[in-house]
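Below is one structure, written out as structure tokens; comments come after it.
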Amino acid sequence: RNIFNLSAPGTIICRHSVSENEDRQSLESPVKGFATIDNLALVNVEGTGMAGVPGTASAIFGVVKDVGANVIMISQASSEHSVCFAVPEKEVKVVADALEARFQQALGAGRLSQVAVIPNCSILAAVGQKMASTPGVSATLFSALAKANINVRAIAQGCSEYNITVVVKREECVKALRAVHSRFYLSRTTIAMGIIGPGLIGSTLLDQLRDQAAVLKEKFHIDLRVMGIAGSRTMLLNETSIDLSRWKEVQKDKGEKADLRKFVQHVHGNHFIPNTVLVDCTADSEVASHYYDWLRQGIHVITPNKKANSGPLEQYLKLRALQRQSYAHYFYEATVGAGLPVITTLQSVLETGDKILRVEGIFSGTLSFIFNNFIGARAFSDVVREAKEAGYTEPDPRDDLSGADVARKVIILARESGLKLELSDIPVENLVPEPLRVSASGEEFLQQLPQFDQLMAEKQQDASEAGEVLRYVGVVDAVNQNGAVELRRYKKDHPFAQLSGSDNIIAFTTERYAKQPLIVRGPGAGAEVTAGGVFSDVLRLASYLGAPS
């Protein structure tokens with residue numbers, strides 16, 4: 001407005017409307033902004049003798065007025081059992097001493113139980129005219145704080161609804177501000193990431209994060225910051241974000257000795273970033289044993305590591321119970337089927353009230369490749385060697401042929417289906433000939449394997465003469481409460497016989513899909529698709545934390 005012409009209407013500066021229609025609805029957030037006040041302390045006066053006694057609040061604030069202290073915020077429950085208020089920290093001792101002197105008799109008689117001081121506090125206030133009569137503003141605010149693992153110590157809101165004020169720990173104030181800011185779409189959803197295990201899958205994931213970072217920031221307001229990368233020997237830490245275009249070189253030059261505890265403290269200890277996720281790309285049971293503690297600290301966990309969900313049943317049930325009770329998320333889609341939506345499909349089926357009857361599938365990309373190519377007069381040992389040279393097998397092919405990896409996937413799906421089974425309850429048909437299970441090395445095993453080709457050739461010939469093919473499958477029988485991993489025969493028109501390459505296929509038979517199973521099929525092995533499955537879980541986490549879909 002023109003200060004020299006007060007009668008002039010002036011100029012209104014505002015955003016362009018979202019729509020040209022006169023009856024448009026604005027998509028702006030009801031919260032206009034957030035404000036914080038630091039260096040405060042809470043004073044809590046409580047006792048059963050306060051309820052229903054007129055003049056108690058007047059006496060309390062009369063004392064505060066007499067000592068010249070400024071009250072920033074007041075909160076009182078309808079029970080009248082306590083009055084809580086915030087004052088500048090430098091004035092709190094004088095206020096507390098004056099209150100104890102004024103209510104000495106009431107404290108001695110037990111009508112008041114205490115005058116308590118809670119130091120090191122900050123106030124966070126959400127302000128906006130559109131907050132008035134808008135349902136869900138408080139729910140969104142407190143949900144954002146809970147998901148960032150921030151405890152609210154006191155709350156105040158006037159009947160005008162223009163302001164909601166909460167009191168939090170001083171050291172969590174910036175973290176709280178970032179959390180609510182991103183939740184109301186006033187800024188990006190920022191997540192601090194720690195990558196454990198930068199091997200084949202981990203390094204591929206880092207490449208995918210690097211390539212998508214700009215798109216995620218610009219289009220989806222998701223800011224993924226890799227704060228640390230930890231290998232078995234060295235780790236790389238950064239206070240803001242690691243440059244993913246040259247992290248390998250920097251780790252060689254500036255990497256420090258790996259220390260998992262220090263690594264977690266660094267990634268989670270940044271109070272400027274409200275959300276933390278640890279991505280475990282190892283196959284290490286020791287790393288998996290830390291998931292429970294991380295979730296308790298409010299750290300989200302994403303992993304393709306099968307060890308936690310296929311480990312001892314008691315630990316698994318404890319982990320899942322904590323996951324359901326807390327705001328920390330635990331995602332593990334890539335533990336079965338790499339990037340295929342196997343876990344989410346199973347969970348969706350159960351959540352909609354359907355009942356799992358049977359899950360059957362080819363879960364190993366390696367064994368899928370081997371039996372898809374074990375046709376005609378080809379020797380089994382030649383196909384195994386071809387799979388090894390093509391990079392489909394582990395360094396020692398016996399790790400694949402033993403069926404142990406398939407058994408872990410079966411137990412994961414069995415437990416997701418509600419079966420309480422141990423890994424030892426799953427009978428596994430080991431394809432490694434017994435005399436070769438103690439061979440010194442994988443290469444020695446491959447050299448001796450041709451001696452046992454005849455046995456597998458006979459199985460293949462019998463199946464072929466019957467118009468069938470051999471497939472190595474895992475089965476979860478929810479009706480009979482058991483599971484199995486074994487070599488089975490299927491007719492050539494069966495979906496399991498139609499695979500090519502290293503594809504996986506999983507068939508879900510449920511009460512709704514009883515006549516025709518629900519089938520998920522596609523690439524089930526390889527660093528790109530597995531890392532893609534992990535990346536998908538990261539983006540799912542971001543959406544749960546408030547990123548727009």
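Miscellaneous remarks
- The accessible area of Asp382, taken with all protein chains in place and a 1.4 Å probe, comes to roughly 90 Å².
- Mean-position separation - Cα centroids, the stretch 302-338 and the stretch 369-386, in angstrom: 35 Å
- Cα gyration tensor, the stretch 297-340 - rounded (a/c under 1.5), prolate or oblate: oblate
- Arg111/Asn39 FRET efficiency (R0 35 Å; Cβ-Cβ; nearest 0.05): 0.60
- Check: the chain dipole with +1 on Lys, Arg Cβ and -1 on Asp, Glu Cβ, in debye: 1600 debye
- Set of the stretch 48-70 residues, backbone N closer than 19 Å to the point 7 Å along the Cα-Cβ line of Gln76: 48-67, 69-70
- Of all accessible heavy-atom area on the chain, the percent that carbon and sulfur account for (1.4 Å): 49 percent
- Of the DSSP H helices in the chain, those whose Cα atoms cover at least 27 Å axially and whose Kyte score averages -1.0 or more: 200-220
- Prolate is the label for the chain. Its Cα gyration tensor axes, ordered a ≥ b ≥ c, give a/c of at least 1.5 and a/b above b/c.
- Take the chain with all the other protein chains still there, run a 1.4 Å probe, and you get 50 Å² of accessible area per residue.
- Size of electric dipole in the stretch 193-277: Cβ of Lys, Arg +1 and of Asp, Glu -1, about Cα centre, debye, nearest 20: 200 debye
- Long pairs among Lys307/Lys409; Lys355/Lys420; Lys306/Lys355; Lys217/Lys306; Lys219/Lys248; Lys217/Lys248, criterion Cα-Cα beyond 19 Å: Lys306/Lys355; Lys217/Lys306; Lys219/Lys248; Lys217/Lys248
- Within the shell defined by Cβ-Cβ distances under 9 Å, the residues around Gly197 carry a net charge of -2, with Lys and Arg each +1 and Asp and Glu each -1.
- In the chain, a dipole from Cβ-located charges (positive for Lys and Arg, negative for Asp and Glu) runs towards its positive end, and of Met193, Phe263, Ile273 it is Ile273 whose Cα lies farthest in that direction.
- Ranking Arg415, Arg233, Arg153, Arg296 by solvent-accessible area of protein heavy atoms (1.4 Å probe, all protein chains present), from largest to smallest, gives Arg233, Arg296, Arg153, Arg415.
- The stretch 231-344 - Kirkwood radius from inverse mean 1/r over Cα pairs (Å): 15.4 Å
- Rounded to the nearest 20 debye, the dipole magnitude of the stretch 274-328 is 240 debye, with +1 charges on Lys and Arg beta carbons, -1 on Asp and Glu beta carbons, and the Cα centre as origin.
- Estimated [θ] at 222 nm from DSSP helical runs (n ≥ 4, -39500 (n - 2.57)) normalised by residues in the chain, nearest 500: -10500 deg cm²/dmol
- Furthest towards positive pole of dipole, Tyr472, Ala414, Pro435, structure part the stretch 387-489, Cβ charges: Ala414
- Sequence-separation-based contact order of the chain, relative, with Cα cut under 8 Å and 6+ spacing, percent: 13 percent
- Positive contributions from Lys and Arg (+1) and negative ones from Asp and Glu (-1), summed over other residues with Cβ under 13 Å from the Cβ of Val479, come out at -1.
- Normalised by the number of residues in the stretch 39-136, the mean separation of alpha-carbon contacts (under 8 Å, six or more apart) gives a relative contact order of 43 percent.
- Mean separation of Cα pairs under 8 Å and 6 or more residues apart, divided by the residue count, gives the stretch 196-280 a relative contact order of 29 percent.
- Cα shape, the stretch 471-518, gyration tensor, a/c 1.5 rule: oblate
- Modelled label positions at Thr48 and Glu249, each set 7 Å beyond Cα in the direction of Cβ, lie 7.2 nm from each other.
- Range in the chain, longest, excluding exposed GluC sites (Glu not before Pro) [loop by DSSP; at most 12 other beta-carbon atoms within 10 Å]: 240-510
- A simple spin-label model places pseudo-atoms 7 Å from Cα toward Cβ; at Ala132 and Arg296 they are separated by 4.8 nm.
The values are calculated or read from the model by the stated rules, or taken from the named source; none is laboratory data. The model shown is predicted, which means the values in this text are computed figures rather than measured ones. So basically every Cβ, Gly included, is an ideal-geometry build from the backbone, and we count neighbours across all protein chains shown. When the accessible area is computed, the model is the full protein with side chains, heavy atoms only, and any ligands, DNA or RNA have been set aside. Shrake-Rupley method; radii C 1.70, N 1.55, O 1.52, S 1.80 Å.
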